[in-house]
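Engineer: One structure, as structure tokens, below. Some questions next.
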Amino acid sequence: MKSPLSNFQERILGVDFLAGLAIVGALLTREFLAAGIIAIMRATGRVLERWAEGQAERQLKSLLSRMPRLVHRATSDGTLEEIEMSKIQVDDTLLVRTGEITATDGILIDAATLDVSALSGEPLPISREKGDEISSGVVNAGSPFYFTATTTAEASTYAGIVKLVQEAQKKSAPGIRIANMWALRFVPVALLLAGGAWWVTGDVKRAIAVLVVATPCPLILAVPIAIVAGLSQAAKHGAIVKGGAILELLANTETVLLDKTGTLTHGGPAITEINTAPGISDDELLTLAASVDQFSPHIVAKALVTEARKRGLIFLEVSEISEDAGHHIEGAVNGSRIKVGQLLHDAPSWLHFTHPLMVAVERDDLLLGVIGLKDPIRLESRAMVSALRAAGVNHIALVTGDREETAQEVASSVGITEVFSKITSEEKLEIARKAQANATGSVVVVGDGINDAPALAAADVGVAMGARGASAASEAADVVIVEDSIDRLVHAIRIAKRSKRKALQAAGIGMGLALLGMIFGALGLISPSQGAFAQEFIDVIAILWALTALRS
């Protein structure tokens, strides 16, 4: 954490100091033209700074609005009453209808099928039995169920995540910016040269001329322009960077902590293998399954339907449809009863795979085949990890709430050796903070779920996969990947590095020429007004160089 003295130096001895001193000196010596030019340049620079450097205000609207305002509580006489979430008490019996979100933590009274992806990162629906514990903030992906509340809404797991985000967002502002970093070094030189000229010659106008030429307009204008150019280029390549301060931090990336689901993987189930009974083809099995599954809203059903359409299969006519939500759906097809759902049979001899999710297809209670689904790894993930290392990232780790076996499989597939699995929101936040304590550069956290939001907010740079991730993650993040491709992160880091390099080069060129002009002013070769015009010539050169950051 920076000391009050360093904060004072940044505010007082930054880019404003010389500009203010030069304006006051020019006014006192009646060099009004010089004072006016400096004032205009400073005002223009301020506008650019506010757009290029201002960090976006963190909002928690999506986190809070996601939770239900009203819940259904069972009364002693067996009826339901609708109450506000804030009135939930421990031991209340609550009903969660299909598609609704659990308002508190609790114990299941009925079996349930849950979508926990927003909290744990697990992309596939999970089944929970009577007596199992559940967390607040998970979606009912199956039939309605009852559970007994074990916490109030305010003390629930989901509420804890909201508090973590709020606390993490209180992190201090970014460190010394490029412009102030240069100004802190340039101010003493300018003051010594101006004071020396005045002391040796007794001519105050020489001192003013030095200060006018020394006004850091290349920093005031060229540096923000290079940063703005970087923001524009990053957006062009599918990454929205929320301000110039973030772009500078992104340029210093040393450590990247990657989530798995929706980041390295696609974040949803996809068919990876099909086994069929003798005499049945893969396409025939998928046609039967998708024809029935097209009537189900289940995420797995959608995956089967999507794959069937991708293969150009023609769906069959289905009637007499019935569904046990979260378990199976069945219907009449060509006079037979087709059931698609959980694999309840003993594994037949022709089944030669085991997947995290296996869907059985039956005809008149006879098993026709099994469809295996996984959350597939993005094709670009391995290349992205290699590109991160090539871009100078020294430390890459996988941090996920998923199972150890799955996490290790994904990590080895993409070339990551350090893995943290079965991680909670609190643990992910702690891992990010430890990485920050050990890093000399920036720590970047990448994720797409609500469970990632606290770590995204606390990181030096939080990156959200916003194309399909939770809006809470996008709002907690500093960078949002708006295209569904993780390789945009590499583009953003490369653009940030290039923009920072161009900003430093523009500042160096401008301040070098300014130093030459200061010497001319100290020798009495130019007046304050001439120095102001000379400074504008220097600005043009520095700005034109800064604009080269717009090149792809």
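The values are calculated or read from the model by the stated rules, or taken from the named source; none is laboratory data. Note that the structure is predicted; figures quoted are calculated from it, not measured. In this analysis, Cβ positions are derived from the backbone assuming ideal geometry, glycine residues included, and neighbour counts consider all displayed protein chains.
Engineer: For residues that are touching a residue at least 60 places away in the same chain (Cβ under 8 Å) and either outside any helix (DSSP H, G or I) or hydrophobic (A, V, I, L, M, F, W, C) (or both), scanning just the range 81-98, find the one that is farthest from Ala155 (Cα to Cα).
Structural biologist: That would be Thr98.
Engineer: Between Ala360, Ala387, Ala397, Ala332, which is in a helix (DSSP H, G or I), outside the structural domain of Ala141 (by TED's automatic domain parsing) and either surrounded by fewer than 23 Cβ atoms within 10 Å (Cβ to Cβ) or touching a strand residue (DSSP E or B) at 6+ places or on another chain (Cβ under 8 Å) (or both)?
Structural biologist: Selected residue: Ala387, the only one of Ala360, Ala387, Ala397, Ala332 that is in a helix (DSSP H, G or I), outside the structural domain of Ala141 (by TED's automatic domain parsing) and either surrounded by fewer than 23 Cβ atoms within 10 Å (Cβ to Cβ) or touching a strand residue (DSSP E or B) at 6+ places or on another chain (Cβ under 8 Å) (or both).
Engineer: Additional query: Give the residues of the range 229-267 that are assigned to a strand (DSSP E or B) and in contact with a Leu (Cβ under 9 Å, 6 or more places away or on another chain), sorted by residue number.
Structural biologist: Ala239, Ile240, Val241, Thr253, Val256, Leu257, Leu258
Engineer: Restricting the search to the range 206-235, which residues are farther than 14 Å from Ala507 by Cα, out of contact with any strand residue (DSSP E or B) (no Cβ under 9 Å at 6 or more places or on another chain) and modelled with pLDDT of 75 or more?
Structural biologist: Those that are farther than 14 Å from Ala507 by Cα, out of contact with any strand residue (DSSP E or B) (no Cβ under 9 Å at 6 or more places or on another chain) and modelled with pLDDT of 75 or more: Arg206, Ala207, Ile208, Ala209, Val210, Val228, Ala229, Ser232, Gln233.
Engineer: Something else now. Those residues that are more than 14 Å from Ser291 (Cα to Cα) and loosely packed, with under 15 Cβ neighbours inside 10 Å, I need them from the range 313-329; list them, please.
Structural biologist: Asp324
Engineer: Within the range 268-295, take every residue that is in contact with a helix residue (DSSP H, G or I) (Cβ under 8 Å, 6 or more places away or on another chain), of a type in the set (A, V, I, L, M, F, W, C) and in a helix (DSSP H, G or I) and give me the one that is surrounded by the most Cβ atoms within 10 Å (Cβ to Cβ).
Structural biologist: This residue is Ala289.
Engineer: I'm checking my understanding of the structure. Among residues of the range 434-462 that are in contact with a strand residue (DSSP E or B) (Cβ under 7 Å, 6 or more places away or on another chain) and in a loop (DSSP other than H, G, I, E, B), which one is modelled with the lowest pLDDT?
Structural biologist: Asp448
Engineer: Would you mind finding the one in Thr287, Thr265, Thr276 that is polar (S, T, N, Q) and within 30 Å of the chain's Cα centre (by Cα)?
Structural biologist: The match here is Thr265.
Engineer: All but one of (1) out of contact with any Phe, Trp or Tyr (no Cβ under 7 Å at 6 or more places or on another chain); (2) at pLDDT 60 or above; (3) surrounded by 24 or more Cβ atoms within 10 Å (Cβ to Cβ) hold for Gly160; which doesn't?
Structural biologist: (3)
Engineer: When you go through (1) within 11 Å of Ala496 (Cα to Cα); (2) buried (at least 24 other Cβ atoms within 10 Å of the Cβ); (3) not aromatic (Phe, Trp, Tyr) one by one for Leu264, which number turns out not to apply?
Structural biologist: (1)
Engineer: Among the residues of the range 301-317, which ones are farther than 25 Å from Ser127 by Cβ and either aliphatic (A, V, I, L, M) or in a strand (DSSP E or B) (or both)?
Structural biologist: Leu313, Ile314, Leu316
Yes/no matrix, rows are residues, columns are (1) at pLDDT 80 or above; (2) in contact with a Cys (Cβ under 7 Å, 6 or more places away or on another chain); (3) within 29 Å of Gln342 (Cα to Cα):
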site: Lys61; (1), (2), (3): no, no, no
site: Ser65; (1), (2), (3): no, no, no
site: Ala74; (1), (2), (3): yes, no, no
site: Arg97; (1), (2), (3): yes, no, yes
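Engineer: Further, regarding this structure: Among the residues of the range 344-353, are any of a type in the set (S, T, N, Q), without any contact (Cβ under 8 Å) to a residue 12 or more places away in the chain and part of a loop (DSSP other than H, G, I, E, B)?
Structural biologist: The answer is yes; a qualifying residue exists.
Engineer: Report, by residue number, each residue of the range 484-527 that is among the basic types (Lys, Arg) and either crowded, with 17+ Cβ neighbours inside 10 Å or out of contact with any helix residue (DSSP H, G or I) (no Cβ under 9 Å at 6 or more places or on another chain) (or both).
Structural biologist: Passing the criteria: Arg488, Arg494, Lys497, Arg498, Lys500, Lys502.
Engineer: Okay, moving on. Quick check: anything in the range 500-507 out of contact with any Phe, Trp or Tyr (no Cβ under 8 Å at 6 or more places or on another chain), more than 22 Å from Glu426 (Cα to Cα), at pLDDT 75 or above and of a type in the set (Lys, Arg)?
Structural biologist: There is at least one residue in the range 500-507 that is out of contact with any Phe, Trp or Tyr (no Cβ under 8 Å at 6 or more places or on another chain), more than 22 Å from Glu426 (Cα to Cα), at pLDDT 75 or above and of a type in the set (Lys, Arg).
Engineer: Another one. Could you please give the count of residues in the range 76-95 that are among the charged types (D, E, K, R) and either in contact with a Leu (Cβ under 8 Å, 6 or more places away or on another chain) or modelled with pLDDT under 85 (or both)?
Structural biologist: 3
Engineer: For the condition in contact with a Gly (Cβ under 6 Å, 6 or more places away or on another chain), at pLDDT 85 or above and under 18 Å from Ile274 (Cβ atoms), what is the one hit in Val340, Val361, Val318?
Structural biologist: Val361
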